[in-house]
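The values are calculated or read from the model by the stated rules, or taken from the named source; none is laboratory data. Given the structure is predicted, the values throughout are model-derived calculations rather than measurements. Counting neighbours? That spans all protein chains shown, and the Cβs are built from the backbone with ideal geometry, glycine included. All accessible areas refer to the heavy atoms of the entire protein, side chains included, with ligands and DNA or RNA removed. Shrake-Rupley method; radii C 1.70, N 1.55, O 1.52, S 1.80 Å.
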Amino acid sequence: MLPPRNRDLFPELASDHLIIVLYVHNRPNYLRVVVNGLSKVEGISETLLIVSHDGFYEEMNAIIEKIRFCQVKEIFAPFSPHLFPESFPGVSDGDCQDKDDPATKKCNGVADQYGNHRSPRIVSLKHHWWWMMNTLWDGLVETRNYDRHMVFIEEDHYLFPNAYRNIQTLCRIKSKKCTDCWTANLAPYDVNAKGERTQNLIQEKMGNIGYAVNRTVWRKIHGSAKEFCSFDDYNWDITMWASVYPSWNSLPFSLRGPRRSAVHFGKCGLHQGNKKGKPACLDPDTEAPPMDPEDSIPNINEEWKVVKFGIKGYTKGFNGWGGWGDSRDHRLCLDFAAMYWKT
């Protein structure tokens, strides 16, 4: 409920501002790089930066509290397993582990389609994203009446200086240039791609780096809560691609430029990250990713034609990577969808 910080420095937001949302867990060495990059983004002082934390970590919080280049608001997922290590959504007494047989072990839990029981560290990814989206669009005073696009990045997504101006342009022209585009993106769907470097706009599958969503799209996503919360995959994005989007009977394309304005960097992710009893994943050589001079200035031309790429990868019929079989996670997910809606 606390108001955004730095309103004394930036008392007014620009009338056409797009909110930037940074969602984080516990990789402070990456977060420092990301925040330093954000400080150099043209137009960043015009908008509100919202940082959503999965758990509370003092070092992560300290980095955000030092931000002075824009208004900033922090929110904290209240039902993170990192805050409840000894009870659901963390590990409860009597929970089945790994591939335990409940009948033999006399333990509790519903395994996923591959026979694996829930891992709180893994399911927290999907829970955090879903709680965050519901809170942003329907809960916060600052955003529940906001209808324009929000731009989403993670703690290992670096924005180039031209990112904000480019995404503003893409969001403004999206409905005119690409009627099938539901979202806009700052980077290609392929996280390793730098873009085509042509003079065209690109219509393709929505990527998970620097994606921009408006309230109309959120309403459709929220209306598919049952599909989202029941699909057996711990990844929010694969759940969207393989379960939610196909339920719309329409392919939701995204519009982007021919050069990336955001990049995934670093080596420490979920599978190399924090594990029980182990120290945090460290990448001591972390530094800002290299970029070309063209990435320092806005480089989207509204007159460019749109080139359409087909949608490949996870689609309807893919059953998911698992990790999301426990009915308790399904119920908590649905509770998040209902927490700001009167029945």
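Observations on the structure shown:
- Packing-based ranking, highest mean first, of 214-221, 225-232 given that Cβ atoms within 10 Å are counted: 225-232, 214-221
- Here each label is just a point 7 Å from Cα along the line to Cβ, and for ASP237 and ALA14 those points are 2.6 nm apart.
- Pairs of alpha carbons in the chain whose separation is greater than 25 Å (percent): 53 percent
- Label-point separation, ASP147 to ALA103 (7 Å along Cα→Cβ), nm: 5.7 nm
- Coupling constants for the stretch 161-168 follow from the phi torsions by the Karplus curve (6.51 cos²θ - 1.76 cosθ + 1.60, θ = phi - 60°), and in residue order they are x, 8, 4, 5, 5, 5, 6, 4 Hz; glycine and proline get x.
- With all protein chains modelled, accessible area of ASP112 [1.4 Å, Å²]: 20 Å²
- Carbon/sulfur fraction of accessible area - the chain, other protein chains in place, 1.4 Å, %: 52 percent
- Within a Gaussian network of the chain (alpha carbon springs, distance under 10 Å), most fluctuating of ALA62, ALA103, ALA111: ALA103
- Choice from GLY207, GLY322, GLY223 showing the highest fluctuation, given a GNM over the chain with Cα pairs closer than 10 Å: GLY223
- Only helices enter this figure: runs of n ≥ 4 DSSP H residues, each worth -39500 (n - 2.57), summed and divided by the residues of the chain, yield -7500 deg cm²/dmol at 222 nm to the nearest 500.
- Measuring against 25 Å, Cα to Cα, the residue pairs LYS194/LYS226; LYS40/LYS308; LYS226/LYS308; LYS73/LYS312; LYS220/LYS312; LYS40/LYS176 contain LYS194/LYS226; LYS40/LYS308; LYS226/LYS308; LYS73/LYS312; LYS40/LYS176 as the ones spanning a longer distance.
- In the full protein context, the chain carries 47 Å² of accessible surface per residue, based on a 1.4 Å probe and ignoring ligands, DNA and RNA.
- DSSP assigns beta bridges within the chain; of those with both partners inside it, close to 35 percent run antiparallel.
- Residues within the reach of a label modelled at GLU58 (point 7 angstrom out along Cα to beta-carbon, backbone nitrogen below 18 Å), restricted to the stretch 66-104, are 66, 83.
- Integer Hz, Karplus 6.51/-1.76/1.60 couplings in order for the stretch 32-40, x for Gly and Pro: 4, 5, 5, 5, 4, x, 4, 5, 9
- Given R0 = 25 Å, the distance between the Cβ atoms of GLU294 and VAL191 translates into a calculated FRET efficiency of 0.80.
- If you sort TRP236, TRP321 by accessible surface, 1.4 Å probe, largest first, the order is TRP321, TRP236.
- In this label model, LYS40 and LYS305 are separated by 3.6 nm, measuring between points 7 Å along each Cα→Cβ vector.
- When you count the other C-beta atoms within 10 angstrom of each residue and take the mean per peptide, 23-29, 118-124 line up highest first as 23-29, 118-124.
- Were the residues from LEU140 through GLU65 laid out at 0.36 nm apart, the gain over their Cα-Cα distance would be 25.1 nm.
- With Cα atoms, 0 to 90° folded angle of helix 120-138 axis to the chain main axis: 50 degrees
- Available extension along the chain between GLN113 and ASN319 is 73.3 nm, counting 0.36 nm per residue and deducting the alpha carbon span.
- When GLU154, GLU65 are compared by accessible surface with a 1.4 Å probe, the order from highest to lowest is GLU65, GLU154.
- Under 5 Å, built H, 5+ apart or other chain: amide partners of ALA262: PHE160
- Among residues other than ILE75 with Cβ under 11 Å from its Cβ, the summed charge is -2 (Lys and Arg +1, Asp and Glu -1).
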